[in-house]
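The values are calculated or read from the model by the stated rules, or taken from the named source; none is laboratory data. Because the structure is predicted, anything quoted here is derived from the model rather than measured. Cβ coordinates were reconstructed from backbone atoms using ideal geometry, including for glycine residues, and neighbour counts include every protein chain displayed. SASA here: full protein model, heavy atoms, side chains in, ligands and nucleic acids out. Shrake-Rupley method; radii C 1.70, N 1.55, O 1.52, S 1.80 Å.
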Amino acid sequence: MSTRNKRLLVGLYLLSAALVFLYIGFPSEALRAHVTHSLSAGLPGLSVAIGDMRPALPAGIVLKGVRVYHANVPLAVIDQLRIHPDLFSLWQAKTLYDFDGTVGDGQIAGTAEADTAGGRKRVSLSARLAGVLLQKLPATQSLYGNKLAGRLDGTLGVNDAGTLTGKLAVSEGRVELATPLFEQNGFSFRTAEADLSLQNRTVMVRNGRMKGNDMDAEVSGTIALDVAQGKNALNLSGRVTPHPAFLAKVEGSLPPTLLRRRTGIPFKVSGALNAPGFSFN
């Protein structure tokens, strides 16, 4: 065997040994605490818990069982999340990362940036969601007795000031109601979309539109997540436009004044999150 081949074999052996020792001695607990803190910082108003963490090749880590919470209430579980840093940025004030993973049988992917310039750490990120099934997310199965199903797609972003924004769309959806509306326990819809933002523990809903099988609807307003505003957390208003066939089916449960409207029927949702009040204007 030539000297060159011997050196190559020795190099491969040392590299393999180093990878084995790295995997066995991977500082998962210390790094998990650091990553948990960084992810929570990048999701304002939310907290993150990580089930397991392992190194990944090329340079990176794999997180498993990533759970996202609000006020100790589970919202989503990311089954697996792979994070890869830009190696050339590791020695700079701004560190860049790529990430991708699986959530609700769908995909999440995007980029993140951690900026430590000036001694203060700021985290920003942008992500894309594709094919996420709402019925697989804890948050949509415990909405105070209501349940949602459908395919979720869209984008999410967090700027370095901590504001979360998103543009989300749901297709082929269905909502099961804890309290019947128009004497119906549930409604199906073809599409629903909205622009969302989260800042200072308040969710702002803009341009909410739904195209349903029985009715169409528009909605906008705010949802306060601050406990101090619990009794007045909901401040949503909009307009619902029942389809003629649906109106004929439920005309006995609607006041004549509403049935005579040629345009949509205004509505308002107010009160606490766990006891919302719904009224027509």
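Simple spin-label estimate for D115 and T222 gives 2.7 nm between the two label positions (7 Å along the Cα-to-Cβ direction from each Cα). Summary of the geometry: the range 45-84 and the range 262-281, compared by the centres of their Cα atoms, lie 36 Å apart. Legend: residues L198, L177, sorted from most to least accessible area (1.4 Å probe; ligands, DNA and RNA excluded), read L177, L198.
Counting Lys and Arg as +1 and Asp and Glu as -1, what is the net charge of the other residues whose Cβ lies under 13 Å from the Cβ of V250? Here the charged neighbours net out to -2. The stretch between V62 and T202 holds 47.2 nm of extra length on full extension. This uses 0.36 nm per residue minus the Cα-Cα distance.
Within the shell defined by Cβ-Cβ distances under 14 Å, the residues around G150 carry a net charge of +1, with Lys and Arg each +1 and Asp and Glu each -1.
For the pair the range 144-166 and the range 94-117, the centres of their Cα atoms are 15 angstrom apart. Treating r as the C-beta distance of A93 and F280 and R0 as 51 Å, the FRET efficiency rounds to 0.40. Going 7 Å from the Cα of R128 toward and past its Cβ, which residues in the range 149-183 have a backbone nitrogen under 15 Å from where you end up? Counting backbone N atoms under 15 Å from the label point, the list is 153-157, 167-169. Each Lys and Arg Cβ is given +1 and each Asp and Glu Cβ -1; about its Cα centre, the range 143-230 then shows a dipole of about 100 debye. Could you please report the charge total around V269, scoring K, R as +1 and D, E as -1 over all other residues with beta-carbon less than 15 angstrom from its beta-carbon? With Lys, Arg at +1 and Asp, Glu at -1, the net is +2.
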